[in-house]
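None of the figures in this text is laboratory data; all of them are computed from the coordinates on show. These numbers were taken from a predicted model, which means no experiment stands behind them. All Cβ positions, even for glycine, are placed from backbone atoms using ideal geometry, and neighbour counts span all protein chains on display.
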Amino acid sequence: MERASLQYRLLPRLIVLAVICILIAVGASYVLTIFNLQVNLLYIIAIPVIIFVAFGLFILLSAYLEYSNLKYLIETNSLFLKEGVFSVDTETIPFEKIRNASFKQGFLQRLYGVGDVVIDQDPESYTWQGIDQKTAQVIMQAVAEKSNIQPIAVAQNMPNPYSVQPQ
């Protein structure tokens, strides 16, 4: 796994936490001004900083655990995927059950170079989230080579069915 997966998990969460801490500081100063309370400015700044450090360490730990538990193994007959933070989920998908595989990216995921690998099986679908593009490409190539997915053949001399035919 590349570090893009870790950055994708860590940076947006820290930005949201920083915004929340700034809102807490602004809200506290506003409340204190309304009630004409004299409180040291240090308290208004220290409380959000303490909250940011405490929750920031928790976010850092959980993002690192989530990143370090992202594992995959391509076996001869199946694909083994592992993910999770505090409870680790494993999924073994036999290649003969795979019907389709795709790599999807949202706007934020494109910025970080990660995406979601979606593997459709017979009864259900499995989504592996926040995977870097290089790892996703390796998984997609292995699925294409070893599964029952049939490539779509495109005929080059076929007329376009959507074009307007002269009459």
Q) Against the longest principal axis of the chain, how steep is helix 3-34, in degrees 0 to 90 to the nearest 10, with axes from Cα atoms? A) 30
Q | Gained length - residue 34 relative to residue 71, 0.36 nm times residue gap less alpha-carbon distance | A | 8.0 nm
Q: Quick one: angle between helix 41-68 and the longest Cα principal axis of the chain, in degrees between 0 and 90, rounded to 10, please.
A: 20
Q. Which aspartates and glutamates have a Cα less than 13 Å from the Cα of residue 71, not counting those fewer than 8 places away in the same chain?
A. 2, 83, 89, 91, 132
Q: List the residues whose amide H sits under 5 Å from the amide H of residue 78, counting only those 5 or more places along or on another chain, with H placed 1.01 Å from N in the peptide plane.
A: 95
Q: Tell me, rounded to the nearest percent, the portion of alpha carbon pairs in the stretch 72-146 spaced more than 22 Å apart.
A: 20
Q) Calculated FRET efficiency, residue 47 and residue 108, Cβ-Cβ r, R0 25 Å, to nearest 0.05? A) 0.25
Q: Binning at 10 Å from 0, report for the chain what percent of all alpha-carbon pair distances ends up in each bin.
A: 9, 26, 22, 16, 13, 8, 5, 2, 0
Q) How large is ³J(HN,Hα), in whole Hz, for each residue of the stretch 89-101 in order, when computed from phi with the Karplus curve 6.51 cos²θ - 1.76 cosθ + 1.60 and θ = phi - 60°, using x for Gly and Pro? A) 9, 10, 9, 10, 10, x, 4, 6, 8, 6, 9, 7, 9
Q) Sorting 135, 90 on the 10 Å Cβ count, fewest up front, what's the list? A) 90, 135
Q. Which angle between 0 and 90 degrees, to the nearest 10, do you get for helix 133-146 versus the longest principal axis of the chain when only C-alpha atoms count?
A. 30
